[in-house]
Every structure is written in C-alpha cells, then in structure tokens.
1. Per the 1.4 Å probe, what fraction of the accessible area of region 14-57, in percent, lies on carbon and sulfur atoms?
2. How about region 17-82: which trypsin sites (Lys or Arg not before Pro) there are in a DSSP loop, with at most 14 other Cβ atoms within 10 Å of their Cβ?
3. What does the charge count around Lys192 come to, taking other residues whose C-beta lies under 13 Å from its C-beta (Lys +1, Arg +1, Asp -1, Glu -1)?
4. Report the local net charge at Gly4: Lys and Arg +1, Asp and Glu -1, summed over other residues whose C-beta lies under 13 Å from its C-beta.
5. Give me the net charge for the shell around Arg125: Cβ to Cβ below 10 angstrom, other residues only, Lys and Arg +1, Asp and Glu -1.
6. In vacuo Debye scattering of region 35-77, one point per C-alpha: log10 I(q)/I(0) at q = 0.21 Å⁻¹?
7. Rounded to the nearest whole Å², what accessible area per residue is found for region 4-51 with the 1.4 Å probe?
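The values are calculated or read from the model by the stated rules, or taken from the named source; none is laboratory data. What you are looking at is a predicted structure, and each value in this text was computed from that prediction instead of being measured. All Cβ positions, glycine included, derive from the backbone under ideal geometry; neighbour counts span all protein chains shown. When the accessible area is computed, the model is the full protein with side chains, heavy atoms only, and any ligands, DNA or RNA have been set aside. Shrake-Rupley method; radii C 1.70, N 1.55, O 1.52, S 1.80 Å.
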Amino acid sequence: MNTGTGKVIQERRRLLGLSQPALATAIGVSSRQITRYESEEQSPTLPVAVRLADALQVSLAELAGIVDNRVDLAGRWWAAWQKPANHPDEVEVAAVTIRHEGDHLMLDSAAEPPAPEADPTTQMRGEMRVWEGEALTGWMRGMDIAFPVGTIYYALHPQGAHAVGSWTTKSGPDGLVRGWSVLAREKSDAEKLLAEMLRTDGSVESWPGPSRSA
C-alpha cells in the first residue's frame with residue numbers, strides 16, 4: 001500500500017515532535033522545502049531522501065509510503081510486568097494505548113482514563129519498532145521500574161494477539177535489573193501470560209507451534 005511520501009514525512013515529523021524548521025536544519029534544506037515535500041509539490045532527491053529517512057527514523061521504503069499493515073497493533077492493550085528483583089513474585093498490570101504508524105509504535109498509559117484505585121507509579125510510556133512482524137524493541141519510562149529509562153524486547157504472537165518479553169533498566173550506580181513483561185488485548189490474557197512466563201522462566205507453551213522463549 002502506498003500512502004504518499006508527503007504524508008509520511010508530515011506524520012513522522014509530528015510523531016517525533018519536530019517542527020518544520022528543526023527537520024529542515026537536520027537534513028540541510030530550507031523550511032519552505034519541507035513544506036513542498038509534505039504537500040507533494042516536490043519529491044526529495046535520493047541524497048535528501050536518505051537524510052530524511054535517517055532524521056525521521058524510517059526506512060526508505062517507509063518514506064516512500066510503502067508499508068505493510070497486515071497486523072494492526074493500534075488501540076487499547078494491557079501491559080503486565082514483573083517487579084524488580086527484590087520483589088520477584090509481585091506483578092503490575094496497566095492499560096496502555098498504542099499508536100501504530102508503519103513500523104513504529106507509541107505506548108502511553110496516560111491516554112487511558114485512570115481507574116479509581118490506580119497507582120500513579122504504574123504509569124508508562126515508550127516507543128517501539130516492529131521488526132519483520134516478529135519482534136518489538138524499544139524504550140519505556142515508568143512501570144515503577146525504569147529510572148530514568150529502560151529497554152524492552154517483545155516476541156510478537158504470529159497473529160499479533162500478544163507479545164511477550166522482558167524489560168531491563170539500571171539498578172544503582174553499577175548494576176542492571178530485568179524482569180518479564182507481556183502485552184495483550186485483554187487484561188485476563190496479560191495476567192495469564194505473565195504467570196506462564198514466571199512459571200516457565202520465559203517459555204510460552206500456549207503459543208501455536210513449538211513453545212517460544214522470550
């Protein structure tokens with residue numbers, strides 16, 4: 001599917017919080033030229049397109065508007081994660097909203113109305129990239145574990161129904177700490193998957209085909 005280079009430039013620029021002048025400076029053109037690209041009055045030359053793709057954190061194919069949306073991950077999800085090592089049997093669960101554009105996902109629990117009993121420490125936000133429809137990698141803040149920021153890796157279910165993996169963040173001046181984490185469309189699925197991850201130390205026996213390890 002081709003969605004148009006101009007639309008891709010405009011949407012990615014806004015998603016990354018870049019103004020037209022900021023993007024123009026990053027790739028060495030005028031602000032007026034960015035306007036021309038976004039309105040598709042002109043198309044970027046190949047050298048400029050390479051710099052645009054780098055600045056917007058997309059591939060050249062994505063910049064050209066050629067994306068594969070066979071699995072749409074946008075919408076409401078539930079994130080569940082294992083607490084740090086000093087509380088290994090404790091878990092947290094929170095609703096998150098995912099925006100899906102091309103191969104990029106933006107996560108934000110603040111987009112969800114907080115439950116009356118919600119703990120503010122369970123708030124989270126982050127960004128991930130989809131790799132060949134099989135894996136998600138990125139960063140996150142919050143979850144009562146990531147100070148100031150942590151990394152996340154998820155293996156994606158073949159139908160995009162769940163994602164299972166782990167988080168890693170800094171612990172003290174010299175160490176790291178990690179734990180299991182899952183994403184699911186339903187809260188009960190997130191809780192069950194995380195319980196399975198904890199029980200099997202990362203093997204997901206309930207997935208189709210051979211059991212998967214995160």
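1. Here it works out to 51 percent.
2. The qualifying sites are Arg70.
3. Details: positive: Arg185, Lys187, Arg199; negative: Glu186, Asp189, Glu191, Glu196, Glu205.
Result for the local shell: -2.
4. So the environment of Gly4 carries a net charge of -3.
5. -1
6. -0.76
7. 54
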